[in-house]
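Undergrad: Supplied in structure tokens, the structure appears directly below.
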Amino acid sequence: MTDKAPVRVRFAPSPTGYLHVGGARTALFNWLFARRHGGTFVLRIEDTDAERSSWDMVEGIVEGLRWLGMDWDEGPDVGGPHEPYYQSQRLDRYRAMGDRLVAEGRAYFCYCSTETLQAKRQAAEAAGGGWMYDRTCRNLRPDEIAPLEAAGAPRAVRFLVPEGGTAFDDLVHGPIRFDNANVEDFVVLRSDRQPTYHLSVVADDIDMGISHVIRGDDHISNTPKQVLLYQALGQSVPAFAHVPLILGTDKKRLSKRHGATSVTEYQKMGYLPQAMVNFLALLGWSPGNDRELLPRDELIAAFALENISGGNAVFNPEKLDWMNQQYVMRIPAAELGGLLQPFVAGAGLWRDDYAHGAREWYLSLVALFQPRLTRLTSFVDDARPYLSDSLEFDEAAVAKHLSKPELASPLETLVATYRQLPVFERSALETALRATAEQHGLKPGALIHATRVAVTGRAVSPGLFEVLELLGRDRSLARLTAALSIVREASR
């Protein structure tokens, strides 16, 4: 394609699974490239394998893309000038193209059965060698073909690979060349007239005017076959950019053993879509400087295929957690409160009043925990002592900070003092606690830790006096009074 040709790219998933991380990153690179150059992003569904396809799987992919904020200019649900965008609805086109290749001498019929081909392959492997199709049917005489045709023998269509080599300039890896002697005559139409991947993808990319094919490194070995098809059909070859694979921290290809691989799983785990997009963009691509936090508009402005690395990218969950936390910290509390609501409701802790009369209190709680959140899901556990009327005590925290007989008297004094405070706010609460500790000859830290466990059930929380202020006088005093029974029990 020339530099002046309009940019048209596509993401063409098979609907045999939900959108996984690798596919999402490939879609994102295509989407960013299209948006960067004012081009067209096409969503196409490669569903020729009808037995393994389902609409549920298509919905899962679409849901993942939409959650990430990607839109498409042409596709199954939005239409476009090159409809249909399902391969299963384009079969006649593929069959016509396969027949054209045969008619023009670029392909030939193959009558070999699956059993015959498998036997030849196994024999070659048993002898210690590899096997490629030996062109048995290419060399059949007319008098050998006639009885096969008369009997209606099943026949596939094989592309006739020419002598020489096939080369292309990869926009990531540079010039790549394959010796055609190592490329077998590949099937383009199976004996049931179903197209293979190579024919259908090339036919669709031709018909839809795709200018750049941006996909994973695992497709490099497919590219010479597809280049040969473009040339045989008299079509210009699109630009290819093969992006690095995504590996787990053990440097093996990312799979379920590394944790979640579906994009929707990350949504359920409490990651923000903008953080996920930023993280995925940096898996194999760099803006050319040390910046790591790039909002969507900055990613679009900076994206260039030239800055994609040729080496594999490592999916680091800790880095994703860090990035998610950075985005969480930058969201206004009111917006974050809305994002957290489904998680709070899912845990059975949501009250309608949090959206009305208690909204200010709820948003204060959100703001209190916002700097500590790595995922939205962690808010439910962190904030449970504040959202629930019941309190669960951590046994280790109680044993370390609350089960001390000498704390009974100071806590009784603290309860009485807090009850009399004119204003229940953090500075007055801190002054009163420190004075109580000094009055009873305690280090302030000991009383602070005991009070924290008493009102939250935990040894760790945000600042104690902010916590007390948020809980309010009645709940704080009720919990402190209840905790006194634990202290008194320890003195028996």
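Undergrad: Normalised by the residues of the stretch 407-492, what does the relative contact order come to in percent, with Cα pairs under 8 Å and at least six apart?
TA: The value is 38 percent.
Undergrad: Right, something else. Give the list, by residue number, of cysteines in the chain with no other Cys Cβ closer than 4.7 Å, or say none.
TA: Cys with no partner Cβ under 4.7 Å: C112.
Undergrad: Please report, ordered by residue number, every helix of the chain (full DSSP H runs) that is 27 Å or longer along its axis going by C-alpha atoms and whose mean Kyte-Doolittle hydropathy reaches 0.0.
TA: Counting only whole DSSP H runs, the qualifying helices are 464-490.
Undergrad: Cα atoms only, the stretch 356-412: Rg and Dmax in Å?
TA: Values for the stretch 356-412 (Cα only, Rg and Dmax): 15.2, 43 Å.
Undergrad: How compact is the chain by the rule of thumb for globular proteins, expressed as Cα Rg over 2.2 N^0.38 Å?
TA: Rg over 2.2 N^0.38 Å, computed on Cα atoms: 1.40.
Undergrad: In whole angstrom, how far apart do the alpha carbon centroids of the stretch 297-343 and the stretch 419-475 sit?
TA: If you average the Cα positions of each part, the centres end up 37 Å apart.
Undergrad: Wrap a convex hull around the Cα atoms of the stretch 319-405, take a quarter of its surface area, and give that in square nanometres.
TA: Mean projected area for the stretch 319-405: 7.2 nm², to one decimal.
Undergrad: Report in % the part of the accessible area of the stretch 374-472 that belongs to carbon and sulfur, leaving out ligands and nucleic acids; probe 1.4 Å.
TA: Taking all protein chains in place, the stretch 374-472 shows 50 percent carbon and sulfur surface.
Undergrad: Quick one: accessible area per residue over the stretch 246-391, 1.4 Å probe, rounded to a whole number of Å²?
TA: Value returned for the stretch 246-391: 47 Å² of accessible area per residue.
Undergrad: Kindly state, to the nearest 0.05, the FRET efficiency for D71 paired with R138, given R0 = 45 Å and r defined as their beta-carbon distance.
TA: With R0 = 45 Å, the Cβ-Cβ based efficiency is 0.45.
Undergrad: If you don't mind, another one. Between V314 and D394, what is the spin-label point distance in nm, taking each point 7 Å from the Cα along the Cα→C-beta axis?
TA: With each label point 7 Å from Cα toward Cβ, the separation is 3.0 nm.
Undergrad: Return the Cα extents of the stretch 87-127 along principal axes one, two and three, sorted largest first, each rounded to a whole Å.
TA: Taking the Cα atoms of the stretch 87-127, the three principal extents are 41, 26, 14 Å.
Undergrad: How high is the FRET efficiency from E163 to D192, r the C-beta distance, R0 35 Å, rounded to 0.05?
TA: Once rounded, the FRET efficiency stands at 0.70.
Undergrad: Just how far, in whole angstrom, is the stretch 58-102 from the stretch 394-418 if you go by their alpha carbon centroids?
TA: For the stretch 394-418 versus the stretch 58-102, the Cα centre distance is 66 Å.
Undergrad: If you don't mind, another one. Using a Förster radius of 45 Å, what is the FRET efficiency between Q439 and H356 based on their Cβ-Cβ separation? Nearest 0.05, please.
TA: 0.60
Undergrad: Run the count for the chain, please: Lys pairs, Cα-Cα under 30 angstrom, 8 or more apart or on different chains.
TA: 13
Undergrad: Using only C-alpha positions, report the orientation-averaged shadow area of the convex hull of the stretch 435-492, nm², one decimal.
TA: Result: a mean projected hull area of 4.2 nm².
Undergrad: Another question, if that's okay. Using only Cα atoms, what Kirkwood radius does the stretch 154-247 have, in angstroms?
TA: 14.0
Undergrad: Taking the alpha-carbon set of the stretch 122-179, what are its Rg and Dmax in Å?
TA: 17.7, 50
Undergrad: Oh, and also: If I model a spin label at M269 and I176 as a point 7 Å from the Cα along the Cα→Cβ vector, what separation in nanometres do I get?
TA: 2.9
Undergrad: Here is a follow-up. Which number comes out as Rg/Rh for the stretch 299-344 once both Rg and the Kirkwood Rh are worked out on C-alpha atoms?
TA: When Rh is taken as the Kirkwood radius, the ratio is 1.15.
Undergrad: Give the relative contact order (percent, whole number) for the stretch 303-454; include only Cα pairs under 8 Å separated by 6+ residues.
TA: It comes to 20 percent, rounded to a whole number.
The values are calculated or read from the model by the stated rules, or taken from the named source; none is laboratory data. Everything numeric in this text was worked out from a predicted model, so none of it was measured. All Cβ positions, glycine included, derive from the backbone under ideal geometry; neighbour counts span all protein chains shown. Calculation scope for accessible area: heavy atoms of the full protein, side chains included, ligands and nucleic acids excluded. Shrake-Rupley method; radii C 1.70, N 1.55, O 1.52, S 1.80 Å.
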